[in-house]
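S.K.: Got a structure for you, questions after.
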Amino acid sequence: MYVISACLCGVNCKYNGKNNFDESCAKLFRQGKAILVCPEQLGGLCTPRTPTELQNLSSNILNGKGNAITSDGINVTNQFIKGAYETLKIAKDIGATKAILKENSPSCGVNNVYDGTFQGNKIEGMGITAYLLEKEGIEVFSEEDLEPNRDKLIYLDEYSKLKKHKRKILKLKNENEEEFGTLNLTDNLGEFSDLPEKVQDNVKKLMISLAEDLMGFTDIDEIAEATGLSIEEVMEIKNDNK
Ligand code: SF4
């Protein structure tokens, strides 16, 4: 089972209320192989939110040295750290061994993050969640590892080497492309029943976003059917989001 940044599967949880849809990630999700997380939402931040950059290495920030600061100077370090630990807890609860996280994000970046100046400069480094997951033994990849750009074709089911040092170039399998219509949210929700209530709430919130944003459902009963939630639950969660 994978943990995947929710924005990579089309959930509009990015700081600007948009997403970073990636077909390879969505495919893993459609196959029921992934659970979605948004560490910044798990840490208590809302969407949309003010962009944030790290003022130090994630390893230092997790040890109380350095902060995550928004572009208007608000210190959101605690929320970022909380989101990282909540994500770790979810990963452990579902027995995830791999995570696919959004490159460049201050939470999810795997190889690069922005340098803290809000000038658009990227530096080598990891987001706080990515760093914590890797430190705890979960292999972390970015969506860029999935990209079939040039000859670099990597498919994670066959890719279990430590990244950076041992990146391998694998031939992408000829896969039969599936239609979006096969996305089955209900199957995925079935995996969550043993999670703590608070974690389930967040996952349900993300699943509703996915039903709306990726599958295009607008009616409450359609969203309920797609997610496996009751109509009352969907209404309650959507009202809480307002
Ligand atoms: S915290 Fe991660 S999952 Fe959430 S929007 Fe940012 S990159 Fe995506």
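S.K.: Does region 90-102 hold any residues that are of a type in the set (D, E, K, R), surrounded by 16 or more Cβ atoms within 10 Å (Cβ to Cβ) and at pLDDT below 95, and which are they?
M.R.: If we filter region 90-102 for residues that are of a type in the set (D, E, K, R), which is where we start, we get 92-93, 98, 102.
After this cut, where a residue has to be surrounded by 16 or more Cβ atoms within 10 Å (Cβ to Cβ) as well, the list is 98, 102.
Passing the criteria: only Lys98.
S.K.: Okay, moving on. Evaluate the following for Gly127: is it more than 11 Å from the ligand (Cβ to nearest atom), closer than 18 Å to Tyr2 by Cβ and of a type outside the set (A, V, I, L, M, F, W, C)? Steps first, answer last, please.
M.R.: Details: more than 11 Å from the ligand (Cβ to nearest atom): no; closer than 18 Å to Tyr2 by Cβ: yes; of a type outside the set (A, V, I, L, M, F, W, C): yes.
Answer is no for this residue.
S.K.: Being polar (S, T, N, Q), in contact with a strand residue (DSSP E or B) (Cβ under 6 Å, 6 or more places away or on another chain) and closer than 21 Å to Leu28 by Cβ is the requirement here; does Asn112 meet it?
M.R.: Values: polar (S, T, N, Q): yes; in contact with a strand residue (DSSP E or B) (Cβ under 6 Å, 6 or more places away or on another chain): yes; closer than 21 Å to Leu28 by Cβ: no.
Answer is no for this residue.
S.K.: Another one. Return the pairs, sorted by first residue and then second, in which the second residue is surrounded by 24 or more Cβ atoms within 10 Å (Cβ to Cβ) and not in a helix (DSSP H, G or I), the first residue lies in region 73-87 and is of a type in the set (Gly, Ala, Ser) and modelled with pLDDT of 95 or more, the beta carbons are less than 9 Å apart, and the residues are 6+ apart or on different chains.
M.R.: Listed pairs, sorted by first residue: Gly83/Val37; Gly83/Cys38; Gly83/Ser107; Ala84/Ser107; Ala84/Gly127.
S.K.: Considering only residues that are modelled with pLDDT of 95 or more and within 17 Å of Val140 (Cβ to Cβ), look in region 104-120 and name the one that is farthest from the ligand (Cβ to nearest atom).
M.R.: Val113
S.K.: Would a scan of region 20-31 turn up a residue that is within 14 Å of the ligand (Cβ to nearest atom), assigned to a loop (DSSP other than H, G, I, E, B) and over 13 Å from the mean Cα position of the chain (by Cα)? Lay out the reasoning, then the answer.
M.R.: Here is the first cut: in region 20-31, the ones within 14 Å of the ligand (Cβ to nearest atom) are 20-22, 25-26, 29.
With the extra rule that they be assigned to a loop (DSSP other than H, G, I, E, B), the set shrinks to 20-22.
With over 13 Å from the mean Cα position of the chain (by Cα) added as a condition, the list becomes none.
Within region 20-31 (the criterion being within 14 Å of the ligand (Cβ to nearest atom), assigned to a loop (DSSP other than H, G, I, E, B) and over 13 Å from the mean Cα position of the chain (by Cα)), the answer is no, since none of the residues qualifies.
S.K.: Quick one: which of Thr70, Thr52, Thr47, Thr87 is under 17 Å from Glu143 (Cβ atoms), β-branched (Val, Ile, Thr) and within 16 Å of the ligand (Cβ to nearest atom)? Steps first, please.
M.R.: Numbers: Thr70 fails: under 17 Å from Glu143 (Cβ atoms); Thr52 fails: under 17 Å from Glu143 (Cβ atoms); Thr47 fails: under 17 Å from Glu143 (Cβ atoms).
Exactly one of Thr70, Thr52, Thr47, Thr87 is under 17 Å from Glu143 (Cβ atoms), β-branched (Val, Ile, Thr) and within 16 Å of the ligand (Cβ to nearest atom), namely Thr87.
S.K.: Among the residues of region 19-41, write down those that are aliphatic (A, V, I, L, M) and under 13 Å from Leu210 (Cα atoms).
M.R.: Of everything in region 19-41, those that are aliphatic (A, V, I, L, M) and under 13 Å from Leu210 (Cα atoms) turn out to be Ala26, Ile35, Leu36, Val37.
The values are calculated or read from the model by the stated rules, or taken from the named source; none is laboratory data. This one's a predicted model, so the numbers in the text were calculated from it and none came from an experiment. A quick note on method: Cβ atoms are made from the backbone with ideal geometry, for glycine too, and the neighbour counts reach across all protein chains shown.
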